[in-house]
1. Failed condition for residue 97, given (1) in contact with a helix residue (DSSP H, G or I) (Cβ under 7 Å, 6 or more places away or on another chain); (2) farther than 21 Å from residue 172 by Cβ; (3) modelled with pLDDT under 95, with all others met?
2. Take residue 160 and decide whether it is modelled with pLDDT of 95 or more and in contact with a helix residue (DSSP H, G or I) (Cβ under 7 Å, 6 or more places away or on another chain).
3. For the range 194-208, name all the residues that are farther than 12 Å from residue 163 by Cα and in a loop (DSSP other than H, G, I, E, B).
4. What's the number of the condition residue 142 fails, among (1) under 12 Å from the mean Cα position of the chain (by Cα); (2) surrounded by fewer than 24 Cβ atoms within 10 Å (Cβ to Cβ); (3) within 24 Å of residue 99 (Cα to Cα)?
5. Select from the range 27-49 the residues that are surrounded by fewer than 16 Cβ atoms within 10 Å (Cβ to Cβ) and closer than 20 Å to residue 84 by Cα and list them in ascending order.
6. Among the residues of the range 151-190, count how many are outside any strand (DSSP E or B), surrounded by fewer than 24 Cβ atoms within 10 Å (Cβ to Cβ) and at negative phi.
7. Within the range 215-222, is even one residue within 29 Å of residue 100 (Cβ to Cβ) and over 17 Å from the mean Cα position of the chain (by Cα)?
């Protein structure tokens, strides 16, 4: 699959619906527009956002409005990992024919050997090096870099400016904050959190939050060193 093909992988050539109308949606819409992929509408269940316009696209209604659209092709614009996972499960039950759009900003550098699952988004200035896999609905945010042989699990989120060295594994639903870095060959467990600016020098267990340089678990009592 060529780079141009992968910029629209996971969805049809028709206009996609963006789900979510917060700040993250601005970047998703901008990415789709820059990639030449039309945006049909933005949907959000928050009534206060109804009728707003984001980069020329109206917030047209709640998620239930997807049932009235055809073909049903969508991309999630929700930064919270658990919420993305929940929405995918709910929509799979109500709209089994829904397809998920993958969006890659034209300024991102994505090697042709990279595997991109449906629904993932790769924003401006990101770099993903050879033989890396990116899971369903993962977010590689602005300026984040992933070196060779990386593995990003479904629903994970690399915040802006994250840097992953070679052979790093990021588990399902993990969140890496702004500017976090991970040394070669390390693993960040499923649903773990790496604080902004932290440097991961050892594996992070599932569900654990780590902060600092080097990164250590946040659960230590005041005045005690984390193990």
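The values are calculated or read from the model by the stated rules, or taken from the named source; none is laboratory data. This is a predicted model, so every value here is computed, not measured. In this analysis, Cβ positions are derived from the backbone assuming ideal geometry, glycine residues included, and neighbour counts consider all displayed protein chains.
1. Result: residue 97 fails condition (1) only.
2. Details: modelled with pLDDT of 95 or more: yes; in contact with a helix residue (DSSP H, G or I) (Cβ under 7 Å, 6 or more places away or on another chain): no.
When the stated conditions are applied, residue 160 does not pass them.
3. Hits for the range 194-208 are 195, 201, 202, 203, 205, 206, 207, 208.
4. (3)
5. Looking only at the range 27-49, we keep the residues that are surrounded by fewer than 16 Cβ atoms within 10 Å (Cβ to Cβ), and these are 36, 38, 45-48.
Listed by number, the residues that qualify are 45, 46, 47.
6. Total meeting the criteria: 15.
7. Within the range 215-222, the subset within 29 Å of residue 100 (Cβ to Cβ) is none.
Scanning the range 215-222, I find no residue that is within 29 Å of residue 100 (Cβ to Cβ) and over 17 Å from the mean Cα position of the chain (by Cα), so the answer is no.
Residue-by-condition table, conditions (1) modelled with pLDDT of 95 or more; (2) in contact with a strand residue (DSSP E or B) (Cβ under 6 Å, 6 or more places away or on another chain); (3) within 17 Å of residue 33 (Cα to Cα):
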| position | (1), (2), (3) |
| --- | --- |
| 115 | yes, yes, no |
| 124 | yes, no, yes |
| 131 | yes, no, no |
| 136 | yes, no, no |
